[in-house]
C-alpha cells in the first residue's frame, strides 16, 4: 500500500508541474530565452536533488545513490536527444515561440511511453533473469556503434512513421500558429477538411526520436537498480528537464563534439556492469564516480580542443533565429499530395 501511494503521489506531482508549466508559465506562446530556460533548468535539477534527498532519507543510502546515478545517466543521454531536436527544428524551420509547445507534448508522450517500457522491463527482469545479459550485450553494442557512427542529416521522408502519417492524414505545408490540426477547404468555397500542420509532423518526429533513445537509456538504468520506482522517477526527472535544457544548449550543443564519445563509454560501461552482475557487483558509488568522470572529461575535452563550426556543423542555420510567419515547411510538394492548384500556387509564391 505504501508503494502504491508513492506512485500515486509522484504522478500527481508530475501532472501538477506540467499543468503549471503549460497553463500558467507558457499560457501564451513565446520564444523561450536562454535566461528563462536556465532558470527552469536550475529549478528542475533542484527538484530532482530534493527528491533524491528524500529517497536517501526515507529509503536509505543505497537507494539514494542508485537514484542519483540513474538520474545522471538519463540526464547525460538526454543530451543526445538535443542534437536531434536541433536538427529537426532547423530542418522544418519551426518558429522559436512554438518549439516549447512541441517539446511539452513530446515530453508528455515520452513519459507515457517510458512508463510502459519500464513496467515491461521490470516484469521481464523479475521473471527472466537472463534478460539482464541481453540488455547488457545490447548496451555494449549500442555504445560501440555510437562511438563509430558519423553524424548525418535527418531525412524525414525516409522515416516510416512519417510516411504512415502522410499516407492517412492530409498535411498542409504552412504553419498555422501553434495548432497541430486546422480545417482547410478542399477547393475555393468547398467543404472544410481537417489537415495536420507541419508542427504535428515535427511532434511525431520528436516522439519517435525519444522512443528510439529510450530503447538505449532504459536498459542502462536497470544496470544501476532493479527498483521500478527508482528507475521511473529518475527517468521522469531527466525528461522533465529536457525542454529547458534544449533551450539552454541549442545554440552551443555543437561545441560538445566529444560528448557522444563519452556517452558511448558510459553505455559500454553499464553494459559490462550488467554482464558481470552474477560475477562481480560493481559498487554503486564507484559507478557514479566513473560516469561523472567520463562525462566531465568529455565536456572538458570538447572545450579545450574545439572543432571549427565548418568541420562540425550539425545544422545549417540557427534554429532559434527569428523567422517571418507563415513559414513553408520543406515537406513533399503539394502536387504529390494531390492538393488543389490554388494551394500549389500559394506554396510556390
| request: Quick one: which residue in 63, 46 is surrounded by fewer than 20 Cβ atoms within 10 Å (Cβ to Cβ), out of contact with any helix residue (DSSP H, G or I) (no Cβ under 7 Å at 6 or more places or on another chain) and on the phi < 0 side of the Ramachandran plot? | output: 46
| Filter pass, residue 268 being under 21 Å from residue 146 (Cβ atoms) and at pLDDT below 50 | no
| request: Would you mind finding the one in 200, 213, 247 that is surrounded by fewer than 23 Cβ atoms within 10 Å (Cβ to Cβ), touching a residue at least 60 places away in the same chain (Cβ under 8 Å) and part of a helix (DSSP H, G or I)? | output: 213
| field | From the options 147, 137, 122, 116, residue that is within 23 Å of residue 218 (Cα to Cα), at pLDDT 80 or above, out of contact with any strand residue (DSSP E or B) (no Cβ under 9 Å at 6 or more places or on another chain) and buried (at least 16 other Cβ atoms within 10 Å of the Cβ) | value | 122
| query | Within region 34-51, can you find the residues that are touching a residue at least 24 places away in the same chain (Cβ under 8 Å) and either farther than 14 Å from residue 21 by Cα or touching a strand residue (DSSP E or B) at 6+ places or on another chain (Cβ under 6 Å) (or both)? | reply | 34, 38, 45, 47, 48, 51
| Members of region 275-304 found to be part of a helix (DSSP H, G or I) and either farther than 30 Å from residue 254 by Cβ or modelled with pLDDT under 85 (or both), listed by number | 275, 284, 285, 286
| What do you reckon, is residue 177 touching a residue at least 60 places away in the same chain (Cβ under 8 Å) and within 20 Å of residue 110 (Cα to Cα)? | no
| said: Return the residues of region 101-125 that are touching a residue at least 60 places away in the same chain (Cβ under 8 Å) and over 27 Å from residue 89 (Cβ atoms); say none if nothing qualifies. | reply: 118, 119, 121, 122, 125
| request: Report yes if some residue within region 77-88 is modelled with pLDDT of 85 or more, crowded, with 19+ Cβ neighbours inside 10 Å, closer than 26 Å to residue 177 by Cα and within 21 Å of the chain's Cα centre (by Cα); otherwise report no. | output: no
| query | If residue 237 satisfies every condition in (1) farther than 25 Å from residue 35 by Cα; (2) assigned to a helix (DSSP H, G or I); (3) in contact (Cβ under 8 Å) with a residue 12 or more places away in the chain but one, which is the exception? | reply | (1)
| said: Go through region 92-108 and report how many residues are more than 15 Å from residue 179 (Cβ to Cβ) and part of a helix (DSSP H, G or I). | reply: 5
| said: When you scan region 216-224, do you find a residue that is more than 25 Å from residue 72 (Cβ to Cβ) and touching a helix residue (DSSP H, G or I) at 6+ places or on another chain (Cβ under 9 Å), even just one? | reply: no
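The values are calculated or read from the model by the stated rules, or taken from the named source; none is laboratory data. Since we're looking at a predicted model, the values are computed, not measured. Every residue, glycine among them, receives a Cβ derived from its backbone with ideal geometry; neighbour counts consider all protein chains shown.
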